[in-house]
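Engineer: This is the structure I have questions about; it appears just below.
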Amino acid sequence: MKLAELARTRIQLHPTAWRGASAALRFVGWSIAVVVSFDLALRHFAWERALGVGLGISVAILAALLGLLLVRAVRRGPLDFWWGLLLTTATLAITYAVVVSPQGFAALLGAVLGSTITLGGGLAMLRSHGFTWPRAIAAGVGGIGLAALAVALVLPGWTLHRSKTWQPQRVAALDLPNPGLPGPLPIHTLTYGSGSDLHRTEYGTGADLVTKPVDGSRLIEGWSGPAGWARTQYWGFDAKQLPRQGRVWFPDGAGPFPLVLMVHGNHNMEEFSDAGYAYLGELFASRGNIAVSVDENFLNSSFADLLGGFSGGLKKENDARGWLLLEHLRLWREWNQTPGHPFHGKVDLDRIVLIGHSRGGEAVAVAALFNRLPFYPDDARVAFDYRFALRGVIAIAPSDAQYLPRSRPTAFRDLSYLVVQGSNDGDVQSYMGSAQYSRIKFDSCKDCFKAGLYLVGANHGQFNTDWGRDDLGDAWGQMLNLSPIIDASAQRRVAEVLFSAFLEVVLNGHNEYRNFLANPATGLAWLGPDVEFVNQYSAAGDASIADFEEDDDVTTGSAPGVHITGVELARWHEIQIPLKWEGLDSVAALLAWNRTGDRPVPELRIDLNGPRTTPGQLNFSLAMSETSPLDEEADWKTPDSIDFHIVLTDHSGHESTIALSSVQPLYAPINVSTRKLALLDPVDPSEPVFQRYSIPLVRFEGFDPTNLAAITLRFDVTSAGALYLDDVALASTSNSVGATD
C-alpha cells in the first residue's frame with residue numbers, strides 16, 4: 001500500500017466519531033452565540049442593543065452557512081461537521097477577534113476547535129463502541145482543554161510579579177496640606193438638561209434648569225441610515241437637536257467661583273457614564289469650584305450601530321465632543337450674565353479648566369483648539385465665537401488623533417496641561433496623552449506648564465466609578481487580566497490629589513503645589529506609600545538646550561551655539577519615539593554603549609555657548625530603550641536599571657560629578673500584558689515612557705554654575721545599555737520646582 005493511501009486510511013475518522021465531533025461543535029457554537037447574546041443584550045436590555053447584537057450573531061451564522069456551501073465539494077465527513085466547525089469559528093470570531101492579536105485568536109480558535117472535536121468524537125466512540133484507552137484519552141484531553149478555557153474565562157486573571165527594585169526619586173516631602181482632602185465649603189448639587197430626556201429624570205422632568213439644544217449635524221458623521229435611525233429612536237432626538245445636560249456640584253456662597261467641566265469618553269451609550277465623576281465633583285466644589293459632569297452619552301457607541309454594518313455608527317466624533325463642551329461654556333456664560341438666574345454673578349469665567357477621560361481626554365484638547373478659532377476647520381460654514389478664558393486642560397487616559405484637523409493631530413498652545421495614564425489600561429493601551437504632551441508649546445504664557453504621570457497598575461475604567469475594573473466590558477472583558485490592577489480607591493485617590501493640586505495652581509495661583517506636579521514623589525504621603533509611577537514635567541520658563549527637534553544634524557542643539565559630541569557610543573542617532581500605537585510626535589536622541597576593556601569611557605557631551613538664564617537646576621528626560629548596544633542583538637538582555645554620571649564643566653575647566661542613581665536610577669520599561677495571556681495581547685508589552693530628572697546645580701560642588709560650559713553624560717557605571725534622551729534644559733532659580741535634595 002502506498003504511503004499516502006496508508007496515511008489516508010489511518011487518519012480517517014470513524015462515522016461515529018464524525019457524528020460526535022459534529023454534535024459537539026454545534027453545541028459549542030450555539031452556546032457561544034446564546035451566551036454572547038445574553039451578555040451583550042439582555043444583561044443591560046435595550047431593544048436597539050438587542051437588535052444590533054442579533055444582527056451581529058446572524059451575520060456570523062450567515063457567514064458560517066456561506067462557508068458551508070464552499071466546502072461541500074471538498075468535504076470529508078458529514079456535512080453537519082463542517083456546519084458546526086464554521087458556526088463555532090464564526091461566533092468565536094465575532095466575539096474575540098477584535099480584542100486579541102491575530103496570532104492569539106488563531107491559537108484560541110485552534111484550542112477551542114481541537115478540544116471540541118476530540119471531546120465530542122471521543123465521547124461518541126466510548127458510548128457506541130465501548131472503552132479503549134485511545135478513546136478515553138481523546139475525550140479526556142478535549143474535556144480538560146475546554147474546561148481550562150472556561151476556567152480561564154471565568155477567573156479575573158493572575159497577578160504578575162514585578163521587580164521590587166523600583167524606588168521613587170529621593171526628594172523631601174512637601175510641608176503643605178493634602179490637596180486631595182475635602183475643603184471646608186458646604187456643597188450643593190443640581191442638574192440641567194433638556195427637560196424631555198427619555199431615560200433619566202434628572203435631565204427630564206426632574207431637571208432643575210431646562211436648556212435649549214444645539215445643532216451639531218455639521219460636526220457629526222454617521223448619524224444616519226439604520227444605525228442612525230435606531231440611535232434617534234432611543235434618544236428621541238438627532239444630531240440637529242443635541243441636548244446640553246450636566247450634573248453640577250457647587251459651593252455655598254456668593255462666589256464668583258472658578259468653573260471646571262468634566263466629560264466622559266466612549267462607553268456603551270445605554271450605560272450612562274456622566275455620574276461616574278461625582279467623587280471629583282464633590283471634592284472640587286468643597287474646595288471652592290463649580291464642577292460640572294457633562295452628559296455626552298448620546299455620542300457614544302452602541303451595539304445598535306451594527307444595524308449599519310461593521311462600519312455603522314458615529315465616526316471620529318471627537319471634534320463634536322470638544323465643540324459641545326464649548327457650547328456648555330456658552331450656556332454658563334449666559335447664566336452668569338442673566339439677572340435673576342441662580343448662577344448670576346457666581347461664575348468666574350476668567351478661571352476655567354476642562355477635564356476629559358478617554359475620548360473625552362482628546363475632546364478637551366479639541367475644545368482648547370476650537371476655543372481660539374473663528375471657524376470649524378473642516379467646514380467654515382460653522383462659525384466659532386468662543387474665546388473663553390481657559391486656564392488648563394486635564395486628560396485622563398486620552399485617545400489621540402482620532403480627530404485630525406488639516407490631517408494632523410490636534411495641537412494647542414499656552415495652556416497648562418496634565419495627563420495621567422495607567423500602565424494596565426486594557427482599552428487605551430498606549431500612552432497617547434504623551435503625544436499630546438509633546439505637541440504643546442508655550443509662546444505668550446509664561447506661567448504655563450505641562451505634566452504627565454504614568455501610574456503603574458492603574459487601568460482605564462476605575463477613574464470613573466461607573467466603569468470599574470473591566471475596561472472592555474461584556475463578553476470581551478473575559479480576555480483581560482484584572483488581578484494586577486490596583487485597588488479602585490487607590491487609583492481614584494491619585495486622581496483626586498493630582499487634579500486638585502493642578503486646580504490649586506492653575507485656578508487659585510497656589511504655586512507651591514507646582515513642586516508636587518513637577519515631582520509627585522514630594523507628595524507620596526498624599527498619594528499612598530505603595531504608588532509607583534513615571535512622571536514628566538516641563539515649564540514655560542525652561543531654557544531648552546537640546547530637544548532634538550530642530551534639524552537632522554545630531555551635533556546641533558535647540559539653542560544657538562550648542563554643540564553635541566559623542567565618544568565611543570555604539571548607537572547615536574535621533575529618532576521618532578515609537579509608542580504601542582502610532583508615535584510620540586517627538587524626536588529624541590538614542591544613545592547606546594558597550595564599554596569593554598581599556599577603551600575610552602563612552603559619553604555624550606553637550607557644549608554650551610554661555611547659559612541662557614541664571615541656572616537653578618538641570619532638567620532632562622530619559623527612557624530606557626530595548627535596543628541592543630551589541631552587534632548581535634540575540635545575546636542582549638535589557639538591564640533592570642541603568643546608572644551613569646552627570647558631569648558639569650565650567651569655562652575655567654572645573655568639573656563636578658554626581659551619579660544618576662543619587663536621584664533615581666533609570667529603570668527598565670514597564671512590561672504589561674493587559675490580556676490573561678501575552679499571546680492574546682494585540683500590542684507590545686512595553687513602550688518608552690520618559691522619566692523627568694531635575695537636579696539643583698547646588699548639588700554640583702567645585703564649579704561655577706553661572707559660567708556653565710558643558711554637560712556630559714558619562715556612561716561609566718552600567719557597562720552596556722541604551723536609552724532615549726530628550727528635553728535637556730536649564731531652569732532659573734525662580735523656576736526651580738520639583739528639584740531633588
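Read the figures in this text as sums done on the coordinates, not as results from a lab. On a predicted model such as this, the values are computed, not experimentally measured, just so you know. We place every Cβ from the backbone using ideal geometry, glycine too, and count neighbours over all the protein chains shown.
Engineer: Kindly put 510, 357, 267, 645 in sequence by how many other C-beta atoms sit within 10 Å of each C-beta, fewest to most.
Structural biologist: By the 10 Å Cβ count, ascending, the order reads 510, 645, 267, 357.
Engineer: Compute the length gained on full extension between residue 576 and residue 190: take 0.36 nm times their separation in residues and subtract their Cα-Cα distance, giving the result in nm to one decimal.
Structural biologist: On the way: separation 386, 0.36 × 386 = 138.96 nm, distance 4.75 nm.
Difference between extended and current length: 134.2 nm.
Engineer: Counting Lys and Arg as +1 and Asp and Glu as -1, each charge on the Cβ, what is the dipole of segment 105-210 about the Cα centre in debye, to the nearest 20? Write out the running numbers ahead of the final one.
Structural biologist: Working: 6 positive and 4 negative charges, 156 e Å.
I would put it at about 740 debye.
Engineer: As a test, work out the antiparallel percent of DSSP beta bridges whose residues both lie in segment 216-331, rounded to the nearest 5.
Structural biologist: Numbers: 5 of 11 bridges.
Roughly 45 percent of the beta bridges in segment 216-331 run antiparallel, per DSSP.
Engineer: Given the pairs 450/676; 316/580; 450/580; 316/450; 580/676; 346/441, which are separated by over 24 angstrom at their Cα positions? Don't skip to the end; give the middle numbers.
Structural biologist: On the way: 450/676 34 Å; 316/580 20 Å; 450/580 22 Å; 316/450 26 Å; 580/676 18 Å; 346/441 32 Å.
Result: 450/676; 316/450; 346/441 exceed 24 Å.
Engineer: Once you treat every alpha carbon in segment 543-735 as an equal point and sum by Debye, what is log10 I(q)/I(0) at q = 0.12, 0.14 Å⁻¹?
Structural biologist: -0.60, -0.81
Engineer: Still on this structure: Please give the charge dipole size of the chain, origin at the Cα centre, charges +1 on K and R Cβ atoms and -1 on D and E Cβ atoms. Round to the nearest 20 debye. Kindly include the intermediate steps, with their values, before the conclusion.
Structural biologist: Values: 58 positive and 77 negative charges, 598 e Å.
My answer is approximately 2880 debye.
Engineer: With unit charges on the beta carbon (Lys/Arg positive, Asp/Glu negative), name the residue among 389, 210, 368 whose Cα is farthest towards the positive pole of the charge dipole of the chain.
Structural biologist: With unit charges placed on the Cβ atoms, the residue in question is 210.
Engineer: Would you mind computing, in nm to one decimal, how far apart the modelled labels at residue 16 and residue 215 are, each placed 7 Å from Cα along Cα→Cβ?
Structural biologist: Between residue 16 and residue 215, the label points sit 7.5 nm apart.
Engineer: Using 1/(1 + (r/R0)^6) with R0 = 22 angstrom and r between the beta carbons of residue 732 and residue 707, what's the FRET efficiency to the nearest 0.05?
Structural biologist: Once rounded, the FRET efficiency stands at 0.90.
Engineer: Given a Förster distance of 25 angstrom, what is the FRET efficiency for residue 208 paired with residue 350, based on the Cβ-Cβ distance and rounded to 0.05?
Structural biologist: Details: r = 26 Å, r/R0 = 1.02.
With a Förster radius of 25 Å, E is 0.45.
Engineer: Can you pull the one-decimal nm distance between simple spin-label points at residue 301 and residue 383, each 7 Å off the Cα toward Cβ?
Structural biologist: Here the modelled spin labels are 3.8 nm apart.
Engineer: Label points 7 Å out from Cα along the Cβ direction at residue 198 and residue 175: separation in nm?
Structural biologist: Result: 6.1 nm between the two label points.
Engineer: Something else now. Return a whole-number percent for the relative contact order of segment 543-735, with Cα pairs under 8 Å and 6 or more residues apart as the contact set.
Structural biologist: On the way: 460 pairs, mean separation 65.5, N = 193.
Over segment 543-735, the number comes to 34 percent.
Engineer: Let's test the formula: R0 of 25 Å, r as the Cβ-Cβ distance of residue 158 and residue 635. What FRET efficiency results, to the nearest 0.05?
Structural biologist: Details: r = 31 Å, r/R0 = 1.23.
Rounded to the nearest 0.05, the efficiency is 0.20.
Engineer: Report the one residue of 444, 308, 459 whose Cα lies farthest in the direction of the positive end of the charge dipole of segment 187-539 (charges on C-beta: Lys and Arg +1, Asp and Glu -1; origin at the Cα centre).
Structural biologist: So the residue furthest toward the plus end is 444.
Engineer: Please list, ordered by chain and number, the residues whose modelled amide H lies under 5 Å from the amide H of residue 556; skip anything fewer than 5 residues away on the same chain.
Structural biologist: It is 564, by chain and number.
Engineer: So, one more: What does the helix-only formula give at 222 nm for the chain: each DSSP H stretch with n ≥ 4 adding -39500 (n - 2.57), the total divided by the residues, and the result rounded to the nearest 500 deg cm²/dmol?
Structural biologist: On the way: 14 runs with 212 residues, N = 741.
Only helices count here, giving -9500 deg cm²/dmol.
Engineer: Please give me the summed charge of the neighbours of residue 487: other residues whose Cβ is under 13 Å from its Cβ, Lys and Arg +1, Asp and Glu -1.
Structural biologist: Details: positive: 469, 492, 493; negative: 530.
Computed value for this residue: +2.
Engineer: Also, quick follow-up: Can you give the net charge of the other residues whose Cβ lies under 13 Å from the Cβ of residue 458, counting K and R as +1 and D and E as -1? Can you show the working numbers first?
Structural biologist: Working: positive: 469, 492, 493; negative: 425, 427, 471, 487, 530, 532.
Counting the neighbours of residue 458, the net charge comes to -3.
Engineer: Continuing with this model, one more query. By DSSP, what percent of the beta bridges with both residues in the chain are antiparallel, rounded to the nearest 5?
Structural biologist: Values: 76 of 108 bridges.
Restricted to the chain, the bridges split so that about 70 percent are antiparallel.
Engineer: Which one, 328, 596, 657, projects farthest toward the positive side of the charge dipole computed for the chain from Cβ point charges (K/R +1, D/E -1)?
Structural biologist: Result: 328.
Engineer: Here's something else I'd like to know. Roughly how compact is segment 218-329, stated as its Cα Rg over 2.2 N^0.38 Å to two decimals? Numbers along the way, then the final one.
Structural biologist: Values: Rg = 15.9 Å, N = 112, 2.2 N^0.38 = 13.2 Å.
Relative to the rule-of-thumb radius for its length, segment 218-329 sits at 1.20.
Engineer: So who's got an amide H within less than 5 Å of the one on residue 441, skipping anything under 5 residues away but keeping other chains? H placed 1.01 Å off N, in plane.
Structural biologist: It is 412, 414, by chain and number.
Engineer: Can you tell me how the chain classifies by the Cα gyration tensor, rounded, prolate or oblate, using a/c under 1.5 as the rounded cut?
Structural biologist: Working: a/c = 2.30, a/b = 1.27, b/c = 1.81.
Verdict is oblate for the chain.
Engineer: If the chain between residue 271 and residue 137 were fully stretched, how many nm would it gain, using 0.36 nm times the residue separation less the Cα-Cα distance? Walk me through the intermediate numbers first.
Structural biologist: On the way: separation 134, 0.36 × 134 = 48.24 nm, distance 4.62 nm.
Fully extending the segment from residue 271 to residue 137 adds 43.6 nm.
Engineer: Here is a further query. What number, in percent, do you get for the relative contact order of the chain if the mean sequence gap of Cα pairs under 8 Å and at least 6 apart is divided by its residue count? Before the final figure, lay out each step's value.
Structural biologist: On the way: 1637 pairs, mean separation 84.7, N = 741.
Reported as a whole number, the value is 11 percent.
Engineer: State to the nearest 20 debye the size of the charge dipole of segment 187-539 about its Cα centre, where the only charges are +1 on K and R beta carbons and -1 on D and E beta carbons. Working shown, then result.
Structural biologist: Values: 31 positive and 40 negative charges, 222 e Å.
For this selection, approximately 1060 debye.
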